[in-house]
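Undergrad: What follows is a structure written as structure tokens; I'll ask about it next.
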Amino acid sequence: MAGEYLTAAEEAAYGRYAHEAPEQAVLERFFFLDDLDRELVAKRRGDHNRLGFGLQLVTVRHLGAFLDDPVDVPTAVVDFVAAQVGVADPSCVKRYVERKQTRFEHQWEIAEVYGFVTYASMETELLEWVDRQAWTSDAGPKTLFSRRWPGYAGAACCCRE
């Protein structure tokens, strides 16, 4: 779907963190954990699990996808989330991937609690929305896609119902 109006490089980069660290304003806007988020994070045992869960949550919200390597995030994001969840040593997050099943269990819980669904289940609706918007505005499909549609968390795998 995205390949119809994104270049190969743009499509490959979508749902991934850029190489540069997000600015403080971006961290504060997109990586802030509210009370519900912190409550869910607090249920995890061990600093590495609390931090890993928090990183997966902010990543899927920001990028619209869970990463293959859930700790492959900019250091600034790790530090920002660690401060919010009370983890003094952010380097402990390396232990998060020791038990592979943990990351998937956390992804399933995040998807269930926040109403994220697979991209495949929303593809037709997204395409129809982009098409309608492109016909009724001066923005092209590429611009609309990059702005994200109402209720859509991102392009790669997760949407909000």
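The values are calculated or read from the model by the stated rules, or taken from the named source; none is laboratory data. This is a predicted model, so every value here is computed, not measured. No Cβ is skipped: glycine too gets one built from the backbone with ideal geometry, and neighbour counts run over all protein chains shown. In case anyone asks, the SASA skips ligands and DNA or RNA and just uses the protein heavy atoms, side chains included. Shrake-Rupley method; radii C 1.70, N 1.55, O 1.52, S 1.80 Å.
Undergrad: Grab the helices (runs of 4 or more DSSP H) fully contained in segment 9-82, keeping just those with 3 or more residues being touching a residue at least 24 places away in the same chain (Cβ under 8 Å).
TA: Details: elements: 24-30, 35-42, 47-63.
In segment 9-82, the matching helices (runs of 4 or more DSSP H) lie at 35-42, 47-63.
Undergrad: Identify the residue in segment 89-141 that is modelled with pLDDT of 75 or more and part of a loop (DSSP other than H, G, I, E, B) and, among all such residues, is least open to solvent (accessible area, probe 1.4 Å).
TA: Gly115
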